[in-house]
Structure formats: structure tokens, C-alpha cells
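The values are calculated or read from the model by the stated rules, or taken from the named source; none is laboratory data. The model shown is predicted, which means the values in this text are computed figures rather than measured ones. Because the Cβ atoms are built from the backbone with ideal geometry, glycine has one as well, and the counts that use them run over all protein chains shown.
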Amino acid sequence: MKIVLAPMEGVVDHLMRDMLTEVGGFDLCVTEFVRVVAAKLPHRVFYRLCPELHNGGYTSNGVKVKVQLLGQDPDWLAVNAETAIELGSHGVDLNFGCPAKTVNKSKGGAVLLQYPETLYKIVKAVREAVPSHHEVTAKVRLGYEDTSLAIENAQAIESAGASSLVVHARTKRDGYKPPAYWDWIAKIKHHTNIPLIANGEIWTAQDAFNCIEQSETPDIMLGRGALSLPNLANTIKHGHQPFTWDEMRELLIKYSGYEIYSGKGLYYPNRIKQWFLYLKRQYPEAHDMFMDLRKFKTADEIVKVLER
């Protein structure tokens, strides 16, 4: 089984990747997307979203990191894919799944799922630009408005030479509303030969086993579930017990140190409150603590609440 940490814009940055890979269980991380329009981006853009490039493309815990690109122009995506590889990314991932309205309005992300030929052209251009020993992968949803093109999209991506495909088992219209339709991943598998990775609505180890059974694929990607339960990957892969609230609180204090001393201290209060929205799903105690800390605006005040 391979477990991949999902890209989540504005949530899973290099600090969160570093912490979650230290907790363990992940085999690969994918960055927040690098938006490509019509330019060769400067190196600083890649380093900003993927500081791990300064460390050979690994987290400090030795887990590989892959840069994700988002855009609509095959040629410019290819040019920037070359840059990502040159800087040390372990392959390149292409985002065809982002449901954000601002992204879709600029013809990026999930909106491209309406155009299988465009998916083919993008993947093919990037595949031809990237050395063959590096993976070119993609992440999709089941479709934009519906699932009518789910199989055709996967076949287009496979035909263009992609190494593997992550399938978030919902359409753009579904958003993040449960359920995830894991059985659709099995349908795609029956019409393709490309390795698939299942994603969507995996909050517990049992969810993961149900997903694997229904999707008929052993590999999974965790996103919101890993924020709700940071050792989720280890509960799935190694049968570990979920973190207790005390263990979780210690991790929150440690994360506070990451944020405050990383140069991002100004953003820390908002980031920690954002994380609590996920933790409340797993830990009833998180709700009460969130009610206490939400009124505070400085890092020192929030850390004192965590340490109480």
C-alpha cells in the first residue's frame, strides 16, 4: 500500500508536510498547485511553494515531494514542468481536480474535465518535456457536472503517457459533500491499465479499507482526514491507535513552534484556527478549546490556551 499526502491549497504547506511526515505513514507528498498562465515562472515561485527543493525534494523526514502544476496551456505547463524537475521535484503532478470558482473561471482545475482532448494535449506535452525516469501524474475528479466523461478522461490521460492517476471520487458539482463514490474508481480501472490512487472521504482506517475494497486499488491519498487525525496514515498502514487528545494537544503545541519561528508567525492565529475546524470532527475536546482560542489574535495567547 502506498499512502500519499494530498495537496490542499492554503492548508498543507511545507510546515504541515514536515510535521505530518514526521508523524509517519506517508510515502509521498504533493505540493499546493503552482499556477501556470503564459510564462516561464522564476525559481522563487517553486521554492516558495516547495522549500523542500532546497533539500533534494525531500521533507526533513526523508519523504519525497512532488510539485503540482495547474493551468490550461500545454506548452507553458511543459516548460514549467522542466523547471520543477531541474530544481529537484520528484516528478510532476497535474491538477485537473480543483473545484474553486476562481480557478475554474480561468480555465484551470476541474473545468478541464469537460475536454478530454485538452487533458490529452497537456499530459502529452508535459510527458515529452520531462525525462522518462521521472513520473508525470495527474489528479482528477469524476467529472465537472456529472460522471459522463470519467472513463474517457482517464483513458485520455493514460494514452498521453501519465504514470499514474489520482481519482477524487466526486464530481466538481459534488464538491466535498459525502459520500465519495469509490466504486466509480473501480469502473475506471476496468477500462484502463494506468495505476490508480483513490481519494475522497477517508476519515478513519475503516474508511480506508472500505475505499480499497470498493475502488479495487490498494493505494490511497489522504487530505482532510489527515488533518482531522494526524496519525491516520499509521492507523491504516500499521494498525496504530488514533492519537489521544493529549497526544494531539502536544502536536498542536509543536506545530505552533513550527509556525511562529518559520517566518510565518503573522499567519499563525488564522492557521491554527483553521486546523481546529478539521480536528473538531475527530475530537470533541477540540470544539471547547476552539471556543476559547477563537477570540485571541496573538500567537502567545493561543499557545497559552493550548498549554493549559
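Taken over segment 39-53, the residue count meeting the criterion of being under 17 Å from Asn95 (Cβ atoms) and loosely packed, with under 11 Cβ neighbours inside 10 Å is 0.
Residues checked against (1) of a type in the set (D, E, K, R); (2) out of contact with any strand residue (DSSP E or B) (no Cβ under 8 Å at 6 or more places or on another chain):
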site	(1), (2)
Lys105	yes, yes
Val123	no, no
Val126	no, no
Tyr144	no, yes
Ser148	no, yes
Ser163	no, no
Ala169	no, no
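For segment 70-81, check the following and say yes or no: at least one residue is touching a Phe, Trp or Tyr at 6+ places or on another chain (Cβ under 8 Å) and not charged (D, E, K, R). Scanning segment 70-81, I find at least one residue that is touching a Phe, Trp or Tyr at 6+ places or on another chain (Cβ under 8 Å) and not charged (D, E, K, R), so the answer is yes.
Consider Leu112 carefully, then state whether it is modelled with pLDDT of 95 or more, crowded, with 17+ Cβ neighbours inside 10 Å, more than 26 Å from His191 (Cα to Cα) and not acidic (Asp, Glu). No, not satisfied. Considering segment 1-15, the residues that are among the hydrophobic types (A, V, I, L, M, F, W, C) and closer than 21 Å to Gly109 by Cβ include one that is modelled with the lowest pLDDT, namely Val11. The set of residues from segment 210-233 being outside any loop (DSSP other than H, G, I, E, B) and more than 17 Å from Leu279 (Cβ to Cβ) comprises Asn210, Cys211, Ile212, Glu213, Gln214, Ser215, Ile220, Met221.
For beta carbons closer than 7 Å, sequence separation of 6+ or different chains, a first residue in segment 270-296 that is closer than 17 Å to Trp203 by Cβ and a second that is of a type in the set (S, T, N, Q), the qualifying pairs are Tyr278/Ser228; Leu279/Ser228; Arg281/Ser228; Gln282/Ser228. I'd like to know if segment 247-266 contains one or more residues that are assigned by TED's automatic domain parsing to the domain that holds Gly24, in contact with a helix residue (DSSP H, G or I) (Cβ under 6 Å, 6 or more places away or on another chain) and more than 30 Å from Arg127 (Cβ to Cβ). Checked against the condition, which is being assigned by TED's automatic domain parsing to the domain that holds Gly24, in contact with a helix residue (DSSP H, G or I) (Cβ under 6 Å, 6 or more places away or on another chain) and more than 30 Å from Arg127 (Cβ to Cβ), segment 247-266 yields no hits at all. Give segment 185-209 a look and list any residue that's in a helix (DSSP H, G or I) and buried (at least 22 other Cβ atoms within 10 Å of the Cβ), or say none. Selection gives Ile185, Ile188, Ala208.
As a summary of the residue check, Tyr267 satisfies the conditions (1) aromatic (Phe, Trp, Tyr); (2) touching a residue at least 24 places away in the same chain (Cβ under 8 Å); (3) closer than 18 Å to His14 by Cα except for the one numbered (2). Kindly indicate whether any position in segment 119-141 is in contact (Cβ under 8 Å) with a residue 60 or more places away in the chain, surrounded by 19 or more Cβ atoms within 10 Å (Cβ to Cβ) and either among the polar types (S, T, N, Q) or more than 18 Å from Phe33 (Cβ to Cβ) (or both). Yes.
Just one of (1) under 29 Å from His191 (Cα atoms); (2) polar (S, T, N, Q); (3) part of a helix (DSSP H, G or I) fails for Asn80. It is (1). Of all residue pairs spaced 6 or more apart or on separate chains, those with beta-carbon atoms under 8 Å, a first member in segment 56-73 that is assigned to a loop (DSSP other than H, G, I, E, B) and a second member that is surrounded by fewer than 19 Cβ atoms within 10 Å (Cβ to Cβ) and modelled with pLDDT under 95 are Gly71/Val37; Gln72/Ser106; Gln72/Lys107; Asp73/Val37; Asp73/Ala38.
Filtering segment 158-212 to residues that are farther than 17 Å from Thr147 by Cβ and in contact with a Cys (Cβ under 7 Å, 6 or more places away or on another chain) leaves only Ile202.
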